[in-house]
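The next block holds one structure in the form of structure tokens; read it before the comments.
Bear in mind that the values in this text are calculations on the coordinates, not laboratory data. This one's a predicted model, so the numbers in the text were calculated from it and none came from an experiment. No Cβ is skipped: glycine too gets one built from the backbone with ideal geometry, and neighbour counts run over all protein chains shown.
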Amino acid sequence: MWNRFKETNSASRAFLVAGMIWFVLGTLYGLVCAIHLMAPEFFNNIGPMVFGRTRPSHVNTSLLGFVATTLIGCALYYVPALLRTRLWSEPLGWCSWLFWNVTILSGPLTFSFGISQGREYAEYIWIFDVSVMLALLTLIVNMVMTVAQRVENTLYVSVWYAMGAAVWTSLVYPIGNVMWHPSTGAMPGLIDSIFLWFYGHNVVGLLLTPLAIGAAYFVLPRVTKTPLYSHTLSLVGFWTLVALYTHIGGHHILQAPIPNWLKMISVVDSMAMVIPVATVLVNLWMTVRGRSVALWANPAGRFVLAGTIWYLITCVQGPFQSLPVVQRITHFNNWTVGHAHIAVFGFSGFIALGALWHILPLVSGRRVYSDRLVNLQFGLVSFGLIGFFFVLTIAGLIQGSAWLNGETVYKVLPQIAVYMAVRATLGLFIITGALIGLYNVVLTLWRGEPIVRVADGEVRNS
Ligand code: HEM
Ligand code: HEM
């Protein structure tokens, strides 16, 4: 039994499987939320099913459970692989897995009964914040020690991003969750919103973004069998990300009476975010140029490529909606929910899925059970997400322009009812994609065709 925890890549595998389980659970919660917004009386008076409790379960289980867990699983494979060594300690990797997943599981279990810190993206109660911190610290120790024992001298950019994500988040998380106030996890008054959005933006900017970019930098050159276009560009992208992303959280609370200088910095540097984004995308797309057909034909490569396209759309929309004049229409309504889905799911979630399908054979020694199911999953989730983007953006514009004209909130609801119904229906496509993904992962591990490794780490049929 103990030997199983020492098996090479076992911790990575465990993270990948957990990520797919959270994908299913997270999207099921999303559907419950969507049904509520379509027909509020549907789950009436069932405490654990009320919107205020299912929404945090959906958001945390999808964002930290599905996306981050899957991407951490990928990092636990590619960090040692790129350094031509093994993970320093598989059992320590399992400890990270336990601490991390206990927290994710705690979400639905506590939120359903109203036990929550009540701050968006920072709902986990203090004891589970401690568990997240233990997960991050054990991950950092494992990665640092893996770097220390490396055979390969060059630290490829994916290693930078994976370590950056763990180190930055270990700093951002306790601050944003105000961990020195265990009873509330909050600061008194308005200042709390500054702390919260410092964290809220960085959990996507300094956890999901670097993990997703690190995975894309690993997968794309391998699928197309081309070297990275520019190591220098990759470093520019890395350092400008941390220089700019860290202090733009204020763009979430431009309508609140926070200091003007903070709003100014948030808006100006939101615009400047085009630098890290363009640097990364140019570097990745130049790496795969001329090979897009081959890339698209590869099920994993297709997911990652689509993720980079979503990244572009997200990061054109992001700076635009950071402008106060735009937010007069887009803030507080479904426009932002549309942005959140194309960002967290389209960008980081698609890259997580692509990296999973690329890395699963490498950590399991088995071919993906069915490439056709991966392609089917791609079709289903793409259809669902493109649909989400359109209906939520339109619903947001209807709400925002009506409010600007002085209309009361409840009077606009009938106008967006149809969009809420379409969104719930589209959710079924995404849930089906999540279920197919879990099925395909389980069958790969259980019945996938074995592959043999050859010296350079490539795999071929046995
Ligand atoms: C160039 C980069 C980006 C900029 C400038 C940007 C800007 C913004 C702004 C201004 C908002 C708030 C809108 C409002 O409340 O009116 C927002 C919301 C959000 N963004 Fe981005 N974004 C960027 C990239 C990303 C990325 C890469 C992700 C995910 C990986 C992401 C995830 C989110 C999420 C989840 C929200 C919703 C927050 C909430 O619950 O209110 N964004 N973004
Ligand atoms: C079955 C598919 C899904 C459905 C039906 C769904 C539905 C919803 C609903 C109804 C909300 C609440 C919106 C509101 O407060 O007005 C929401 C929020 C959110 N969902 Fe999903 N979702 C789905 C999949 C996903 C996935 C796969 C992810 C990420 C990987 C995700 C990430 C988020 C985020 C970050 C928010 C917060 C948005 C914000 O506050 O702006 N969702 N979702």
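Relative contact order for segment 360-462: 46 percent, from Cα pairs under 8 Å spaced at least 6 residues apart, divided by residue count.
Scaling the Cα radius of gyration of segment 274-432 by the globular reference 2.2 N^0.38 Å produces a ratio of 1.21. Distance distribution P(r), segment 62-123, all Cα-Cα pairs, bin width 5 angstrom from 0: 4, 15, 21, 21, 15, 10, 7, 5, 2, 0 percent. Taking other C-beta atoms within 10 Å as the exposure proxy, Ser89, Ser183 rank Ser183, Ser89 from fewest upward. One decimal place: the segment Arg86-Gln415 gains 112.8 nm when fully extended, by the rule 0.36 nm per residue minus the C-alpha distance.
Listed by Cβ neighbour count within 10 Å, with the fewest neighbours leading, Ile431, Ile398, Ile386, Ile213 appear as Ile386, Ile398, Ile431, Ile213. A Förster radius of 56 Å, combined with the Cβ-Cβ distance separating Val326 from Val102, puts the computed FRET efficiency at roughly 0.90. Applying 0.36 nm per residue to the separation of Thr8 and His231 and subtracting their alpha-carbon distance, the gain on full extension is 77.4 nm. Counting only the Cα atoms, segment 151-239 fills a convex hull of 113 Å³ per residue. Extent of segment 255-325 along its three principal axes (Cα atoms, max minus min coordinate, largest first): 51, 18, 16 Å.
Quick check for me: using +1 on Lys/Arg Cβ and -1 on Asp/Glu Cβ, what's the dipole size of the chain about its Cα centre, in debye to the nearest 20? Computed about the Cα centre, the dipole is about 940 debye.
Applying the criteria of a DSSP loop state and at most 15 other Cβ atoms within 10 Å to the trypsin sites (Lys or Arg not before Pro) of segment 48-102 yields Arg84, Arg86. Measuring between their Cα centroids, segment 181-198 and segment 318-361 lie 25 Å from each other.
In the chain, a dipole from Cβ-located charges (positive for Lys and Arg, negative for Asp and Glu) runs towards its positive end, and of Val452, Pro361, Ile248 it is Val452 whose Cα lies farthest in that direction. Overall shape of the chain was characterised from the C-alpha gyration tensor. The equivalent ellipsoid obtained from it has semi-axes of 34, 24, 23 Å, in decreasing order. Across segment 379-459, the fraction of Cα-Cα pairs farther apart than 18 Å, rounded to a whole number, is 62%. Our helix-only sum for the chain, with -39,500 (n - 2.57) per DSSP H run of n ≥ 4 divided by its residues, gives a mean residue ellipticity at 222 nm of -23500 deg cm²/dmol. Our compactness index for segment 1-83, the C-alpha radius of gyration over the empirical 2.2 N^0.38 Å, is 1.46.
The Cα-based radius of gyration of segment 91-145, divided by its Kirkwood radius, gives an Rg/Rh of 1.06. Binning all Cα-Cα separations of segment 365-411 at 5 Å, short to long from zero, yields these whole-percent fractions: 5, 18, 14, 13, 10, 9, 8, 7, 6, 5, 4, 2, 0. The tail of the calculated P(r) for segment 8-52, taken as Cα-Cα distances beyond 16 Å, holds 51 percent of the pairs.
Counting other Cβ atoms within 10 Å as a rough exposure proxy, the listed residues Tyr311, Tyr245, Tyr439 run Tyr439, Tyr245, Tyr311 from fewest neighbours to most. Across all Cα pairs in segment 204-311, the calculated P(r) in 5 Å bins from zero up to the longest distance comes to 2, 12, 21, 20, 15, 11, 8, 6, 3, 2, 0 percent per bin.
In vacuo Debye scattering of segment 302-370, one point per C-alpha: log10 I(q)/I(0) at q = 0.15 Å⁻¹? Each listed q corresponds, in turn, to -0.57.
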